[in-house]
Amino acid sequence: MANATMAPAGGSLSGGKVLLILIAFFGLDFGVNGLMAYDAVSTFRGEVVDHPYEAGLAYNNQIAAADAQSERHWKVEVTLAGGVRATFRDAQGRPVEGLTVTGVFAAPADMNRDRPFALREAGGGAYVGGVSAPAGVWDLKLKAKRDGATLFQSKNRVTLR
């Protein structure tokens, strides 16, 4: 009886085929990873402020401003029924008037959904605006200035229904 060897149906697996299989596998892997990395970098820079380096340098100024705000002992009450109403009172309970009050309903995960607004003075330390945002979770950021100097700022998480 003759000794016969049986070859696989698709031919033999040579070193050249193994090399091509490995090149194709890793080429596809690197190609897909490169495409995903490009898409991630091109759609979101990873920054939440326009100039992060300068903001980092100004950190000590932000701490000093927060200390000055704390020393004023202002009491600020915000209601969101039918718009935004912010009432400012000083340490003695007197209304704080003459402020320029602005704010933002900031979406926690998407800066493109932020809704900036300005409040107008209504007297008695109250500042009002018919502003609203869709239902959901928002960061309500308020800033009050007088003569260009920021005297008060806050950030609070609110849920609108």
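The values are calculated or read from the model by the stated rules, or taken from the named source; none is laboratory data. Only a predicted model underlies this, so the values are computations on that prediction, with no experimental measurement involved. All Cβ positions, even for glycine, are placed from backbone atoms using ideal geometry, and neighbour counts span all protein chains on display.
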If a residue must be in a loop (DSSP other than H, G, I, E, B) and touching a residue at least 12 places away in the same chain (Cβ under 8 Å), how many such residues does region 144-161 contain? 1
Output yes when any residue across region 87-109 is farther than 20 Å from Asn61 by Cβ, surrounded by fewer than 17 Cβ atoms within 10 Å (Cβ to Cβ) and free of Cβ contacts under 8 Å to residues at least 12 places away in the same chain, and no when none is. yes
Which condition number in (1) outside any loop (DSSP other than H, G, I, E, B); (2) exposed (fewer than 11 other Cβ atoms within 10 Å of the Cβ); (3) modelled with pLDDT under 95 is the one that Ala55 fails? (2)
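Yes/no matrix, rows are residues, columns are (1) within 30 Å of Leu142 (Cβ to Cβ); (2) over 22 Å from the mean Cα position of the chain (by Cα); (3) part of a strand (DSSP E or B):
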residue	(1), (2), (3)
Leu13	no, yes, no
Ile21	no, yes, no
Leu35	no, yes, no
Val41	no, no, no
Val49	yes, no, no
Ala68	yes, yes, no
Val76	yes, yes, yes
Ala81	yes, yes, no
When every residue in region 79-94 that is over 15 Å from Arg120 (Cβ atoms) and touching a strand residue (DSSP E or B) at 6+ places or on another chain (Cβ under 6 Å) is compared, the one modelled with the lowest pLDDT is Thr79
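Just the residues that are in a strand (DSSP E or B) and either over 24 Å from Pro134 (Cα atoms) or aromatic (Phe, Trp, Tyr) (or both), please, taken from region 83-96.
Matches in region 83-96: Phe88, Arg89, Pro95.
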Kindly indicate whether Asp39 is outside the structural domain of Pro134 (by TED's automatic domain parsing), over 30 Å from Arg120 (Cβ atoms), acidic (Asp, Glu) and modelled with pLDDT under 95. yes
Going through region 127-143 in order, the residues found to be over 9 Å from Leu160 (Cβ atoms) and in a loop (DSSP other than H, G, I, E, B) are Gly130, Val131
